[in-house]
Amino acid sequence: MVYDNAIEAGNKLIANVGTVSMYGKQRKFKFTRLTQSVNKGDKEFFVAPNLGIQTQDVLAIAPTGYFFEASDEVVVESYDETTGKVTTLKGLDTYHFGSPADTGSKYNGVDIRAEVALLSRSIKIVGEDIESWGAQIVTSDTVESDLTVR
Amino acid sequence: MDNVEIYNASQANTEKAAIRIQGATGKSHSITNCAIHNGWAWGVNIASSSNVLMKDNVVFRMKPFSFVVQTSRNITLDSNIAISTVPREKDYDKITKIVDKEAAFAICSKKDNDRCSDISVVNNIAAGATYAGFIVPAHDCGDYEQKLFRDNIAHSVWGEPSLGLGAFFFPDPAKNHITTCYEASRFTAYKCMEQGAFMFMDGIQAKLTNMTMIDNRHGVGIQLAQKENEYSEKILMEYNDIIVYGDSEILDCPADKNDKCTKQNKVGVIPGAVAHGGKDPHITGASALPPYKIKKDGSWGGKTVWNRMTFKDFKATTPLGLKNSIISTSKYQPDYTPTVTAKDTRFINVHEDSVAYIRPPEPGWANVKDCGDFPCTAPYNVLFKF
């Protein structure tokens, strides 16, 4: 698919030349923080309570050391809304720094605890795993023959 | 779009990102609270577009960019987090020595002299990235109300070979920065393998202001490229209100030994430098790395000013027993080190052995092409005035 001479849309795409609206279910958080440090092999970790994390939710734990790839991706087996304890089937691949309290008081307002982000949403757009060529969502204007911009 | 999950998306080795907004100027577009993860290429590509809001999104393990803005207007990136922006499968070719263009957030940087306007990058986090967390234009000096770039954080930045900047700030080609002054402010970086905040492009005056740098291996640094006016009294590298911390609580080498470790000396701040040539924001030649390496002849001018710098929590050695230095001369600065004038500097919880390390000249500089039959002696001629 080609929009015009300047823009190649390609294929395997959702092409938006007007307005597309998608609203998934609201979740309580985008990311939270580790409240205890974790090590390789751990199958449980602690985050804030009352986040509404559900079984089968997928979480990403950010690296905290120098190495940019030292992140983890885990599927939640259980979450305790009272304590913030998350259990997973698979052990973690690496260490992440955590602490019960925001470290801002030590580092000029900077919280250096690992970010724990929620990757699951109720609306999913899933690309094919073929030759490293997945899906795209492409938004562009098109100009009609009467010069109407869409 | 709000609260949508997108994965296995984008096309490897192209600019076809999971979300691409290209040539879209007629309407406003908003992408909020979405999760874009585990794709084959870029996370988000906003090109030749206007009126786009990206807010509160999570981007995880995209290659080798999470967010790219190119030739666009009125674009807002607010409170997004990019976790583990990773290299392409073949990002660094050891035979050709070509380095890939990479970063968590590449803001009007991917193309040379790209011109954007009304860009706002605020409150974002680059949490794990290859090459750099942010590559972004600097703002006008003294404009502390600006929203081009502020309150962003980068951490855990590394890459082969010799990469790892929290942010590389470059003079905005849409303005007259290189003949006047450019500045970056309100930024935090920690656990970056090179500088937490860095500049090294053409200019007369460059400033870093109001920043927090924690446990970055080579601290923070400003360098300038200037040949025509190399003796000008106006050449200035200025640091204002920056807090530089030594080792943090985050382990360099965890007990499980799974993390890639750094067992190297650490420095709080590298000295300013002026040379006949600087670096592109996306350095693509391995020989030009690390970014603060001076490849051209040094300029015989320039001065560095520190205003209200604070150095905190520096022990005599790193937790692994290696050298910890607040002030150190550069391994890559053979010709000249501009004088540093420091005003109202504070040293808090600093071991006396960590205050300064003046490197000896590198024996390798003693060759006909570089320094002649003796090493250049800039490292013997450094002056920090407090």
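The values are calculated or read from the model by the stated rules, or taken from the named source; none is laboratory data. In this text, all values refer to a predicted model and were calculated from it rather than measured experimentally. Note that we place each Cβ from the backbone using ideal geometry, even for glycine, and neighbour counts take in every protein chain shown.
State whether one or more residues within the stretch B:320-327 are surrounded by 16 or more Cβ atoms within 10 Å (Cβ to Cβ), in contact (Cβ under 8 Å) with a residue 40 or more places away in the chain and more than 20 Å from B:Lys293 (Cβ to Cβ).
Checked against the condition, which is being surrounded by 16 or more Cβ atoms within 10 Å (Cβ to Cβ), in contact (Cβ under 8 Å) with a residue 40 or more places away in the chain and more than 20 Å from B:Lys293 (Cβ to Cβ), the stretch B:320-327 yields at least one hit.
With the requirement that a residue be more than 16 Å from B:Asp114 (Cβ to Cβ), buried (at least 24 other Cβ atoms within 10 Å of the Cβ) and touching a Leu at 6+ places or on another chain (Cβ under 9 Å), what does the stretch B:58-76 give you?
B:Val58, B:Phe60, listed by residue number.
Go through the stretch B:23-33 and give me each residue that's at the interface with chain A (Cβ under 7 Å from one of its Cβ atoms) and at pLDDT 95 or above.
Matches in the stretch B:23-33: B:His29, B:Asn33.
Out of all the residues in the stretch A:62-84, which are farther than 13 Å from A:Leu34 by Cβ and away from every other protein chain (no Cβ under 14 Å)?
A:Val76, A:Glu77, A:Ser78, A:Tyr79, A:Asp80, A:Glu81, A:Thr82, A:Thr83, listed by residue number.
From A:Val38, A:Val58, A:Val74, grab the single residue that is of a type in the set (Val, Ile, Thr), more than 14 Å from the chain's Cα centre (by Cα), surrounded by 15 or more Cβ atoms within 10 Å (Cβ to Cβ) and modelled with pLDDT of 95 or more.
Unique residue meeting the criteria: A:Val38.
Rundown of residues vs (1) out of contact with any Phe, Trp or Tyr (no Cβ under 9 Å at 6 or more places or on another chain); (2) not in a strand (DSSP E or B), yes/no style:
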{"site": "B:Val59", "(1), (2)": "no, no"}
{"site": "B:Val69", "(1), (2)": "no, no"}
{"site": "B:Asn74", "(1), (2)": "yes, no"}
{"site": "B:Ala104", "(1), (2)": "no, no"}
{"site": "B:Asp112", "(1), (2)": "yes, yes"}
{"site": "B:Arg115", "(1), (2)": "yes, yes"}
{"site": "B:Asp118", "(1), (2)": "yes, no"}
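Is the stretch A:6-29 home to any residue that is surrounded by fewer than 15 Cβ atoms within 10 Å (Cβ to Cβ), within 30 Å of A:Ala70 (Cα to Cα) and modelled with pLDDT under 95?
The answer is no, given that none of the residues of the stretch A:6-29 is surrounded by fewer than 15 Cβ atoms within 10 Å (Cβ to Cβ), within 30 Å of A:Ala70 (Cα to Cα) and modelled with pLDDT under 95.
Mind listing just one residue for me: the one in the stretch B:290-303 that is of a type outside the set (Phe, Trp, Tyr) and crowded, with 23+ Cβ neighbours inside 10 Å and, of those, nearest to the chain's Cα centre (by Cα)?
B:Pro291
A quick yes/no check of all residues on (1) facing another protein chain (nearest Cβ under 9 Å); (2) farther than 16 Å from B:Val44 by Cβ:
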| site | (1), (2) |
| --- | --- |
| B:Phe60 | yes, no |
| B:Asp78 | no, no |
| B:Val86 | yes, no |
| B:Thr96 | no, yes |
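Quick test for you: out of B:Asn51, B:Asn8, pick the one residue that is buried (at least 19 other Cβ atoms within 10 Å of the Cβ) and either in contact with a helix residue (DSSP H, G or I) (Cβ under 7 Å, 6 or more places away or on another chain) or free of Cβ contacts under 8 Å to residues at least 60 places away in the same chain (or both).
After ruling out the rest, the residue left standing is B:Asn8.
For the stretch B:328-349, give me each residue that is surrounded by fewer than 20 Cβ atoms within 10 Å (Cβ to Cβ) and assigned to a strand (DSSP E or B).
Passing the criteria: B:Thr341, B:Ala342, B:Lys343, B:Arg346, B:Phe347, B:Ile348, B:Asn349.
So which residues in the stretch B:220-249 are closer than 14 Å to B:Val340 by Cβ and without any contact (Cβ under 8 Å) to a residue 60 or more places away in the chain?
Within the stretch B:220-249, B:Val220 is the sole residue that qualifies.
Taking only pairs six or more apart or across chains, which ones have beta-carbon atoms under 9 Å, a first residue in the stretch B:346-372 that is within 30 Å of B:Arg308 (Cβ to Cβ), and a second residue that is of a type in the set (Asp, Glu)?
B:Ile348/B:Asp313; B:Asn349/B:Asp313; B:Val350/B:Asp313
Take the stretch A:107-119 and flag every residue that is of a type outside the set (Gly, Ala, Ser), within 8 Å of chain B (Cβ to nearest Cβ) and in a loop (DSSP other than H, G, I, E, B).
A:Tyr107, A:Asn108, A:Val110, A:Ile112, A:Leu119
So in the stretch B:173-196, with the set limited to residues that are within 14 Å of another protein chain (Cβ to nearest Cβ) and without any contact (Cβ under 8 Å) to a residue 60 or more places away in the chain, which one is farthest from A:Gly109 (Cα to Cα)?
Ranking the candidates gives B:Cys192 first.
Taking the stretch B:286-320, which residues are within 21 Å of B:Gly133 (Cβ to Cβ) and part of a strand (DSSP E or B)?
none
How many of the residues making up the stretch A:1-56 are of a type in the set (Lys, Arg) and within 29 Å of B:Asn123 (Cα to Cα)?
Number satisfying all stated conditions: 5.
Answer with yes or no whether A:Thr87 is in a loop (DSSP other than H, G, I, E, B), more than 10 Å from chain B (Cβ to nearest Cβ) and either of a type outside the set (A, V, I, L, M) or surrounded by fewer than 20 Cβ atoms within 10 Å (Cβ to Cβ) (or both).
no
Return the only residue of B:Asn13, B:Asn51 being over 18 Å from A:Ile125 (Cβ atoms), more than 7 Å from every other protein chain (Cβ to nearest Cβ) and modelled with pLDDT under 95.
Going through B:Asn13, B:Asn51 in turn, just one is over 18 Å from A:Ile125 (Cβ atoms), more than 7 Å from every other protein chain (Cβ to nearest Cβ) and modelled with pLDDT under 95: B:Asn13.
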